[in-house]
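Beneath this line is the structure, given in structure tokens, with notes to follow.
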Amino acid sequence: MESVGSNGNSDASATVVASDTGAAGPVPEVPPVPEVVPAPDIYNPERVGTFKGELMEFLGELVTPGDPPWDIGVFEGYGRGLVATRDIDVHELIFIDRPVLVGPRVNNYEVIFCASCCCILRRLQLCTGGCRLPICSRCDFSVGAESPHAAECRLIQSWQPKDAGRYSKNILYALTSIRGFLLSDRDRSIVLQMEGHPPRKEMTTEIERLLKDGYFWNLDPEGPAVRYLRQVVNVLNTNAFETSRIVADEENNHHEIILRGLYILGALMNHCCRPNVRYVFDDQLRMRVHASRPIKKGEQIMNNYSKILWGTQHRIIHLCFSKNFLCSCDRCKDPTESGTYLGALKCVRESCPEGRLLPINPLKISSLWRCDRCNLKMDNIKASKIQEIAGRMILNNAIKREASYIIDYLNDHIVKFLLPTNQFTSDRPLAELREKEKYCVEILDVLQRLNYGECFVKGVLCYELFVTRVTIAQLLNESAIATETANLDQLRTAWKILSPSGNRPRDLQQLVVTYGIE
């Protein structure tokens, strides 16, 4: 149990302001409960056109004047998706989207922050309205109608929270879904026309947790409010993006508060393991989507729902269990992944040091693995276990470790059973910097072979590579290294890709000015 003023997210912290009202007390005025009706045929061309009109109205001034370079179409095997209405150049801004819903994610946080504006709270302060959420003085229910939190607080009050004077992390986790009640009719219509896959049987959603643990006196598990909440949860779990706010505490230390947002236009991009876009979130939490390589008129505008540097088996499992589909793109069909061997393992036979274990059929999770040199076969369970152990070993030894330890660990242990390009391997300042430089160059080469274009990860790597080489130049007292054309090109690429992001490296713009690359 965590007491007031600590950074714990315990569900039973000390009483702060509000008192337990039990089942008594007046019920505040709240919005009517939205009716959940069967979704219309969202693939019907007429319905798609109406949906696009509602979405364009929601986006308003964010839509490019004239005809936007995208349209909504229906594609066999994909459903709805975005299509280019003209040729789109690399780096071109395709669209800007804003979240129809945004709020806390379903996960623990390391700091206490205001549930409304996300500012860091030095001490836990509960909303005086009794909603059991942490809130700052500017957003508190007592501020009145001007408080951005007032409407959602009244809604939560109407359900009559139990233990109203105690902090509830589970209500915080459910807040993004709860905000679905406060949408306009148009915005609610947009949300309910999105795909919403029900949770897996073993998964307990944030709403089911509230019901199971009995957080409210006045929330009927079978009533219309809960039916609506469940639908919003399904839509969020199927379509939401991870975004973040950068906030400063009282000592001016910056913290990244990870949030989740429902970006409708962004969510309409279908998946490909070789996407043709990158996206960033600016300081207003707007999603800015740029072409990462040229896109031809009539081509789908594709995003990647997994991680760029995950191997095929890792991607397939993730997409199957979290997105309810199996990918069969060209990258997934190729066991070598364009010769990068991202998901390959070293052959376990000592007599076959150059052998690489690869899935025989990479599109099947249950596929046998086979060495490309000695033909040794291994079942998928054993291969997956090796990958899992490798991942855990790296994570467990990377957390709170110095860079020198991590590099030594990778070199001495992990490479014994993973290939240098495997998804998990991605005196010493100079030696460490040289190792970092090498890893950056190698991963950039992997991205090039995968034909990933000007993606976000490339921007981060180019920034890291530039900074690393500048530091090496300083240690060697060889300033010419930093200003070599090839190195300045890394900085130029990083700025081109990362400049729209509200979460770009804090010194990136200063580096651009210092080295005069614009």
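Within the stretch 481-512, count every residue that is farther than 24 Å from Arg278 by Cβ and either open to solvent by less than 90 Å² (accessible area, probe 1.4 Å) or in a helix (DSSP H, G or I) (or both). Steps first, please.
Quick first cut of the stretch 481-512, residues farther than 24 Å from Arg278 by Cβ only: 481-485.
Filter again for either open to solvent by less than 90 Å² (accessible area, probe 1.4 Å) or in a helix (DSSP H, G or I) (or both), leaving 481-483, 485.
Matching residues across the stretch 481-512 total 4.
Determine whether Glu202 is more than 30 Å from Asp249 (Cβ to Cβ) and part of a loop (DSSP other than H, G, I, E, B). I'd like the intermediate steps shown before the answer.
Numbers: more than 30 Å from Asp249 (Cβ to Cβ): yes; part of a loop (DSSP other than H, G, I, E, B): yes.
Answer is yes for this residue.
Identify all residues within the stretch 85-94 that are surrounded by fewer than 20 Cβ atoms within 10 Å (Cβ to Cβ) and assigned to a strand (DSSP E or B); write none if there are none.
Pass one, the stretch 85-94, residues surrounded by fewer than 20 Cβ atoms within 10 Å (Cβ to Cβ): 85-87, 89-93.
Scanning the stretch 85-94 gives a single hit, Leu93.
Could you tell me whether Glu208 is open to solvent by 20 Å² or more (accessible area, probe 1.4 Å) and under 30 Å from Pro45 (Cα atoms)? Show your work before the answer.
Details: open to solvent by 20 Å² or more (accessible area, probe 1.4 Å): yes; under 30 Å from Pro45 (Cα atoms): no.
Against the criterion (open to solvent by 20 Å² or more (accessible area, probe 1.4 Å) and under 30 Å from Pro45 (Cα atoms)), Glu208 does not qualify.
Go through (1) open to solvent by 10 Å² or more (accessible area, probe 1.4 Å); (2) under 30 Å from Thr50 (Cβ atoms) and name the single condition Lys169 misses.
The one condition Lys169 does not meet is (2).
Mind telling me which of the residues Leu82, Leu62, Leu124 ends up being under 28 Å from the mean Cα position of the chain (by Cα) and at pLDDT below 95? Outline the logic, then answer.
Working: Leu82 fails: at pLDDT below 95; Leu62 fails: at pLDDT below 95.
Of the residues listed, the single one that is under 28 Å from the mean Cα position of the chain (by Cα) and at pLDDT below 95 is Leu124.
When Met56 is evaluated against the numbered criteria (1) outside any loop (DSSP other than H, G, I, E, B); (2) within 22 Å of Cys153 (Cα to Cα), which criterion, by number, is the only one it fails?
(2)
Do you know which residues across the stretch 95-143 are closer than 30 Å to Glu61 by Cα and assigned to a loop (DSSP other than H, G, I, E, B)? Break it down into steps so the answer makes sense when it comes.
At the first step, the residues of the stretch 95-143 found to be closer than 30 Å to Glu61 by Cα are 95-105, 114-119, 138-139.
Selection gives Arg98, Pro99, Val100, Arg105, Cys114, Ala115, Ser116, Cys117, Cys118, Cys119, Arg138, Cys139.
Which of the residues that make up the stretch 489-518 are of a type outside the set (A, V, I, L, M), under 13 Å from Cys462 (Cβ atoms) and within 25 Å of the chain's Cα centre (by Cα)?
Selection gives Thr493, Trp495, Lys496, Ser499, Arg504, Pro505.
Contact list please: Cβ distance under 8 Å, first residue in the stretch 321-341 and among the β-branched types (Val, Ile, Thr), second residue surrounded by fewer than 16 Cβ atoms within 10 Å (Cβ to Cβ) and modelled with pLDDT of 90 or more, pairs at least six apart or on different chains.
Short answer, once both residue conditions are applied: Thr340/Arg449.
Looking only at the stretch 305-317, decide whether some residue is open to solvent by less than 10 Å² (accessible area, probe 1.4 Å) and touching a Phe, Trp or Tyr at 6+ places or on another chain (Cβ under 6 Å).
So far as the stretch 305-317 goes, no, none of its residues is open to solvent by less than 10 Å² (accessible area, probe 1.4 Å) and touching a Phe, Trp or Tyr at 6+ places or on another chain (Cβ under 6 Å).
Select from the stretch 237-257 the residues that are in contact with a strand residue (DSSP E or B) (Cβ under 8 Å, 6 or more places away or on another chain) and assigned to a loop (DSSP other than H, G, I, E, B) and write down the one among them that is modelled with the lowest pLDDT. Working first, answer last.
Kept after step one, since they are in contact with a strand residue (DSSP E or B) (Cβ under 8 Å, 6 or more places away or on another chain), are these residues of the stretch 237-257: 239-250, 254-257.
Next, from what is left, pick out any that are assigned to a loop (DSSP other than H, G, I, E, B): 240, 249-250.
Working: Ala240: 96, Asp249: 80, Glu250: 77.
The extreme case among them is Glu250.
Results for (1) within 20 Å of the chain's Cα centre (by Cα); (2) under 29 Å from Pro34 (Cβ atoms); (3) open to solvent by less than 20 Å² (accessible area, probe 1.4 Å), shown as yes or no for each residue.
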| position | (1), (2), (3) |
| --- | --- |
| Glu222 | no, yes, no |
| Val232 | yes, yes, yes |
| Glu250 | no, no, no |
| Gly261 | yes, yes, yes |
| Arg286 | yes, yes, no |
| Ser292 | yes, no, yes |
| Ile295 | no, no, yes |
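Residues of the stretch 425-461 being modelled with pLDDT of 90 or more and part of a loop (DSSP other than H, G, I, E, B), which ones?
Passing the criteria: Leu450, Asn451, Tyr452, Gly453, Glu454, Cys455.
Of these, Arg105, Arg122, Arg154, Arg98, which one is among the charged types (D, E, K, R) and farther than 22 Å from Phe181 by Cβ? Talk me through it step by step, then tell me what you get.
Details: Arg105 fails: farther than 22 Å from Phe181 by Cβ; Arg154 fails: farther than 22 Å from Phe181 by Cβ; Arg98 fails: farther than 22 Å from Phe181 by Cβ.
Every option except Arg122 fails the conditions.
I'd like the residue in the stretch 461-475 that is aliphatic (A, V, I, L, M) and open to solvent by less than 10 Å² (accessible area, probe 1.4 Å) and, out of all such residues, is farthest from Pro429 (Cα to Cα).
Filtering the stretch 461-475 for residues aliphatic (A, V, I, L, M) gives 461, 465, 467, 470, 472-473, 475.
Within this subset, residues satisfying the condition of being open to solvent by less than 10 Å² (accessible area, probe 1.4 Å) are 465, 472-473.
Numbers: Leu465: 15, Ile472: 9, Ala473: 12 Å.
The extreme case among them is Leu465.
Looking only at the stretch 95-148, which residues are hydroxyl-bearing (Ser, Thr, Tyr) and open to solvent by less than 10 Å² (accessible area, probe 1.4 Å)?
Going residue by residue through the stretch 95-148, those that are hydroxyl-bearing (Ser, Thr, Tyr) are 109, 116, 128, 137, 142, 147.
Of everything in the stretch 95-148, just one residue is hydroxyl-bearing (Ser, Thr, Tyr) and open to solvent by less than 10 Å² (accessible area, probe 1.4 Å), namely Ser147.
Would you tally the residues in the stretch 462-480 being farther than 20 Å from Pro505 by Cβ and part of a helix (DSSP H, G or I)? Steps first, answer last, please.
Of the residues in the stretch 462-480, the ones farther than 20 Å from Pro505 by Cβ are 475-480.
Then drop every residue that is not part of a helix (DSSP H, G or I), which leaves 475-476, 479-480.
Matching residues across the stretch 462-480 total 4.
Which residues, counting only those in the stretch 334-358, are within 28 Å of the chain's Cα centre (by Cα), crowded, with 16+ Cβ neighbours inside 10 Å and either of a type in the set (D, E, K, R) or assigned to a strand (DSSP E or B) (or both)?
Answer for the stretch 334-358, where residues must be within 28 Å of the chain's Cα centre (by Cα), crowded, with 16+ Cβ neighbours inside 10 Å and either of a type in the set (D, E, K, R) or assigned to a strand (DSSP E or B) (or both): Glu337, Leu345.
Based on what the data block shows, is Cys329 in contact with a Cys (Cβ under 6 Å, 6 or more places away or on another chain) and in the same structural domain as Ser366 (by the TED database)? Talk me through it step by step, then tell me what you get.
On the way: in contact with a Cys (Cβ under 6 Å, 6 or more places away or on another chain): yes; in the same structural domain as Ser366 (by the TED database): yes.
In short, yes.
Which of (1) open to solvent by 10 Å² or more (accessible area, probe 1.4 Å); (2) basic (Lys, Arg); (3) not in a loop (DSSP other than H, G, I, E, B) does Arg331 not meet, given it meets every other one?
Arg331 satisfies all of (1) open to solvent by 10 Å² or more (accessible area, probe 1.4 Å); (2) basic (Lys, Arg); (3) not in a loop (DSSP other than H, G, I, E, B) except (1).
Starting from residues that are surrounded by fewer than 18 Cβ atoms within 10 Å (Cβ to Cβ) and acidic (Asp, Glu), keep the ones in the stretch 433-460 and report whichever is nearest to Cys272 (Cα to Cα).
Among residues in the stretch 433-460 that are surrounded by fewer than 18 Cβ atoms within 10 Å (Cβ to Cβ) and acidic (Asp, Glu), the one nearest to Cys272 (Cα to Cα) is Asp445.
The values are calculated or read from the model by the stated rules, or taken from the named source; none is laboratory data. What you are looking at is a predicted structure, and each value in this text was computed from that prediction instead of being measured. When we count neighbours, we look across all protein chains shown, and the Cβ atoms used for this are built from the backbone with ideal geometry, even at glycine. Calculation scope for accessible area: heavy atoms of the full protein, side chains included, ligands and nucleic acids excluded. Shrake-Rupley method; radii C 1.70, N 1.55, O 1.52, S 1.80 Å.
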